[in-house]
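**Student:** Sending over a structure as structure tokens; questions will come in a sec.
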Amino acid sequence: MIVKYKTHCLPFVPLYKKTTIMKKISLLLLFGLSMLTLPAQDRAFSHWAAGINAGLYGGGIQGATDLSPHLKLRAGFDYIHYSRQNVYSFEAEIEDFEQYEQVNPTVEGEITEASVTFPNGKLMLDYYLMHNGIFCLTAGFYCGKNRVQADGLIHRYEELAQQMGKDPSLEYEDIVFQPNHDGSFDASLHMGNSRYHRKH
């Protein structure tokens, strides 16, 4: 009489994969133990601070806390707004001016008012080489809708439109735009792109 037994085999796991898994588990355990054995004053989120700051993105407020003796986390908000009138004058080239006689190839214009607005939230991670040191390496990101807006005027644009029989398009620094019939225009520059608007 022949008796057959069914056996269930576990999936084969290569030795190097087992070693890698064990290393990861060991590192996690060591990290957890190190956090538990740290003095209370060195544990994550044991200290909190708040303050004000100033820089290229304007003035702002921020809060900070420690993650370890060498790592600190900062979060905050910066804001700046600046406006100015009679910014500068420029010359724009008239498109298709060759088709018209007695039409100058360029017209004069000016930016009558410009404003800069930078509202930004930020999240930063500081790494201090020395415990309680003052020098650190910082990484993080800013997030906000930064924009520059401007209003302008093309001089004698109405006369030019009468000479050409239409409202001509103009080009300045590789930007083609068409002002309103009275020569006014406005434009905005956003982070990553630019937009031109006609006033109505």
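What follows is calculated from the coordinates using simple rules that are stated; it is not laboratory data. Since we're looking at a predicted model, the values are computed, not measured. When we count neighbours, we look across all protein chains shown, and the Cβ atoms used for this are built from the backbone with ideal geometry, even at glycine.
**Student:** Restricting the search to segment 66-76, which residues are surrounded by fewer than 16 Cβ atoms within 10 Å (Cβ to Cβ) and part of a strand (DSSP E or B)?
**Tutor:** Once the filter is applied, which keeps residues that are surrounded by fewer than 16 Cβ atoms within 10 Å (Cβ to Cβ) and part of a strand (DSSP E or B), segment 66-76 yields Leu71, Ala75.
**Student:** For residues in segment 140-164 being under 14 Å from the mean Cα position of the chain (by Cα) and among the small types (Gly, Ala, Ser), which is nearest to Thr112 (Cα to Cα)?
**Tutor:** As a first pass, look at segment 140-164 and keep what is under 14 Å from the mean Cα position of the chain (by Cα): 140-148.
Next, from what is left, pick out any that are among the small types (Gly, Ala, Ser): 140, 144.
On the way: Gly140: 37, Gly144: 26 Å.
Looking at the filtered set, the residue picked out is Gly144.
**Student:** List the pairs whose first member sits in segment 133-146 and is more than 24 Å from Leu189 (Cα to Cα) and touching a residue at least 40 places away in the same chain (Cβ under 8 Å), whose second member is part of a strand (DSSP E or B) and not aliphatic (A, V, I, L, M), and whose Cβ atoms are under 6 Å apart, counting only residues at least 6 apart or on separate chains?
**Tutor:** Sorted first by the residue in segment 133-146, then by its partner, the pairs are Cys136/Asp126; Cys136/Tyr127; Cys136/Tyr128.
**Student:** In addition: Suppose the filter is closer than 23 Å to Asp174 by Cβ, surrounded by fewer than 15 Cβ atoms within 10 Å (Cβ to Cβ) and among the polar types (S, T, N, Q); does Gln85 pass it? Steps first, answer last, please.
**Tutor:** Numbers: closer than 23 Å to Asp174 by Cβ: no; surrounded by fewer than 15 Cβ atoms within 10 Å (Cβ to Cβ): yes; among the polar types (S, T, N, Q): yes.
No, not satisfied.
**Student:** Also, quick follow-up: Restricting the first residue to segment 164-180 and requiring it to be of a type in the set (Phe, Trp, Tyr), which pairs with a second residue that is in a loop (DSSP other than H, G, I, E, B) meet a Cβ separation below 9 Å and a spacing of at least six or different chains?
**Tutor:** Within 9 Å, the pairs are Phe177/Ser169; Phe177/Arg198.
**Student:** Name the one entry in Asp126, Asp151 that is touching a strand residue (DSSP E or B) at 6+ places or on another chain (Cβ under 9 Å), among the charged types (D, E, K, R) and over 30 Å from Asn180 (Cα atoms). Don't jump to the end; show me each part of the working.
**Tutor:** On the way: Asp151 fails: over 30 Å from Asn180 (Cα atoms).
Answer to the selection: Asp126.
**Student:** Read through the list (1) under 30 Å from Pro179 (Cβ atoms); (2) surrounded by fewer than 13 Cβ atoms within 10 Å (Cβ to Cβ), then give the number of the only condition that Ala54 fails.
**Tutor:** Among (1) under 30 Å from Pro179 (Cβ atoms); (2) surrounded by fewer than 13 Cβ atoms within 10 Å (Cβ to Cβ), Ala54 violates only (1).
**Student:** Among the residues of segment 111-132, count how many are in contact with a Ser or Thr (Cβ under 9 Å, 6 or more places away or on another chain) and in contact (Cβ under 8 Å) with a residue 40 or more places away in the chain.
**Tutor:** 6
**Student:** Show the residue pairs that are 6+ apart or on different chains and have beta-carbon atoms under 6 Å apart, the first residue being within segment 78-91 and among the β-branched types (Val, Ile, Thr), the second being in a strand (DSSP E or B).
**Tutor:** Final answer for the pair search is Ile80/Gly58; Ile80/Phe118; Val87/Ile111; Val87/Ala114.
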